[in-house]
Each structure stands twice: as structure tokens, then as C-alpha cells.
Amino acid sequence: FTDIDFRPELAAIRTPTLVVHGTVDSSAPLEITGRPSAALIAGVRLTVLPGAPHGLFLTHDLEVNQAIVEFARS
């Protein structure tokens, strides 16, 4: 995926979208991946988990699940 520009596809998304990203993701830092990607999707909900790394669904499973439940209920 490092050689492909997904910005046109992200901008074309028209469905409710949740982006969950951790603040200590060293392989895909929030400020150069998560935030810019979320900014391209109209009406996106960006949930930032403090202290969460890459693979946050394993390390912060309760917080990720809560974000999904809250998103689904909104």
C-alpha cells in the first residue's frame, strides 16, 4: 500500500465511517496517516485513543469496542 495513492477513493466514501487510531502508532503515525485520511472522508468520526499503538484492537480492545458501539448507535 505504500506506493498507492488512496486519496481519491477516500474522498469518494459516502457512507458513515469510523476511523480509530492510537497516539503512539509508530508504524503509521496518527498525524501523517489517520488524521489526513479521516479529513478526506465527509462526515467521518475520528476516535483517537491516547497511548494506543499499531494493533490497538489487541492492546486497547475495550476502548476500540466501545468506539464501535458508540458509532453504531449514533
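The values are calculated or read from the model by the stated rules, or taken from the named source; none is laboratory data. Nothing here was measured: the structure is a model prediction, and the numbers come from that model. Cβ: placed from backbone, ideal geometry, glycine included. Neighbour counts: every protein chain shown. Surface accessibility is based on the protein's heavy atoms, side chains included, excluding ligands, DNA and RNA. Shrake-Rupley method; radii C 1.70, N 1.55, O 1.52, S 1.80 Å.
The label point for residue 32 and the one for residue 13, both projected 7 Å from the Cα toward the Cβ, are 2.1 nm apart. Listed values [x] -0.67, -0.75, -0.98, -1.16; [y] -0.82, -0.91, -1.17, -1.31; [z] -0.51, -0.58, -0.80, -1.06 include one computed from this model; for log10 I(q)/I(0) by the Debye sum over Cα atoms at q = 0.17, 0.18, 0.21, 0.24 Å⁻¹ that value carries the label [x]. Rolling a 1.4 Å probe over the protein heavy atoms leaves residue 24 with an accessible area of roughly 80 Å².
These residues, 63, 31, go from largest to smallest accessible area, 1.4 Å probe, as 31, 63.
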